[in-house]
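A short write-up of the structure that comes next.
The values are calculated or read from the model by the stated rules, or taken from the named source; none is laboratory data. What you see is a predicted model; the values in this text were computed from it and never measured. Positions of Cβ are backbone-derived with ideal geometry, glycine not excepted, and every protein chain shown enters the neighbour counts. Areas reflect the complete protein model, heavy atoms only, side chains present, ligands, DNA and RNA absent. Shrake-Rupley method; radii C 1.70, N 1.55, O 1.52, S 1.80 Å.
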Amino acid sequence: MDTTDLVLAILHHLLVFSLAGIIAAEFVLVRNDMTASTVRRLARIDRHYGMVAMLVIVVGAARVTWGLKGWEFYVYNWVFWAKMAAFLIVGLLSIKPTMRFLAWSRQAGADAGWRAPEAELASVRSALSAEAAVFLAIPVFAAAMARGYGF
Ligand code: HEM
C-alpha cells in the first residue's frame, strides 16, 4: 500500500469535482437578469476556478511523478495526452468567460442599472457549454488510461 498515491488520488478527485461544481455554478449564474451582486459573485467564483485548476495541474503532475505506476506509464500513452489536450482546451475556452466576468463586474460597479448585453451573454453561455462538454471527455480518458488503454 502506498499512502502518497492514495493521498494524491483523493486530492485529485476532490479538486476535479470542485472544478466541475464551479463550471456548473457559473453556468447557472449567467442569466439575462444578473444583478451587480451576481456578477461580483461570478467574478469571485471564477477566481476560485483558476486556483483550483492550478492545483489540479500540480496534483496531476505529482500523480504522474510519484504515483504507483511511474511516469513512463503516462508519457508514452496517447490517451493521457488526449486527456491533457482536453484539459488545455477547457482552459482556453474559459478565457473568454473570465474576461467577461471581470468586465461585467467593473461595469456593474459603475452603473446601478447595468444589464449584460444579449450578445455577450450568448457568447459566454456558449463558451461555458463547450467547456462543460469537453470537460466531460476528461474522466472518460482518465478511466481508459488508468486501465492501460492508449499504448
Ligand atoms: C494537468 C492535469 C491532470 C493530470 C496531469 C492528471 C493526471 C492523472 C493521473 C496520473 C491519474 C492516475 C491514473 C492511474 O490510476 O493510473 C489520474 C486519474 C484521474 N483523473 Fe486526472 N489529471 C489531470 C486532470 C484531470 C481533470 C481536469 C479531471 C477531470 C475530471 C481528471 C480526472 C481524473 C479521474 C476521474 C481519474 C481516475 C481514473 C480512474 O482511476 O479510473 N484529471 N489523473
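Below are the figures for this structure:
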item	result
When residues of region 79-107 are limited to those that are farther than 23 Å from VAL28 by Cβ and free of Cβ contacts under 8 Å to residues at least 40 places away in the same chain, the one nearest to the ligand (Cβ to nearest atom)	MET84
Meets criteria (away from the ligand (no atom under 12 Å from the Cβ), within 18 Å of PRO139 (Cβ to Cβ), at pLDDT 95 or above and under 15 Å from the mean Cα position of the chain (by Cα)) for LEU55	no
Residue list for region 60-69, restricted to those being without any contact (Cβ under 8 Å) to a residue 60 or more places away in the chain, within 6 Å of the ligand (Cβ to nearest atom) and touching a helix residue (DSSP H, G or I) at 6+ places or on another chain (Cβ under 8 Å)	GLY60, ARG63, VAL64
Residue, nearest to the ligand (Cβ to nearest atom), within region 1-28, restricted to residues that are closer than 18 Å to PHE141 by Cα and touching a residue at least 12 places away in the same chain (Cβ under 8 Å)	VAL16
Elements of type helices (runs of 4 or more DSSP H) in region 46-150, at least 1 residues being crowded, with 16+ Cβ neighbours inside 10 Å and of a type in the set (Val, Ile, Thr)	78-93, 95-110, 118-146
Complete set of residues in region 19-45 that are assigned to a helix (DSSP H, G or I) and open to solvent by 50 Å² or more (accessible area, probe 1.4 Å)	ALA24, PHE27, VAL28, SER37, ARG40, ARG41, ARG44
Options GLU72, GLU131, GLU120; residue that is within 16 Å of the ligand (Cβ to nearest atom), at pLDDT 95 or above, acidic (Asp, Glu) and touching a helix residue (DSSP H, G or I) at 6+ places or on another chain (Cβ under 8 Å)	GLU131
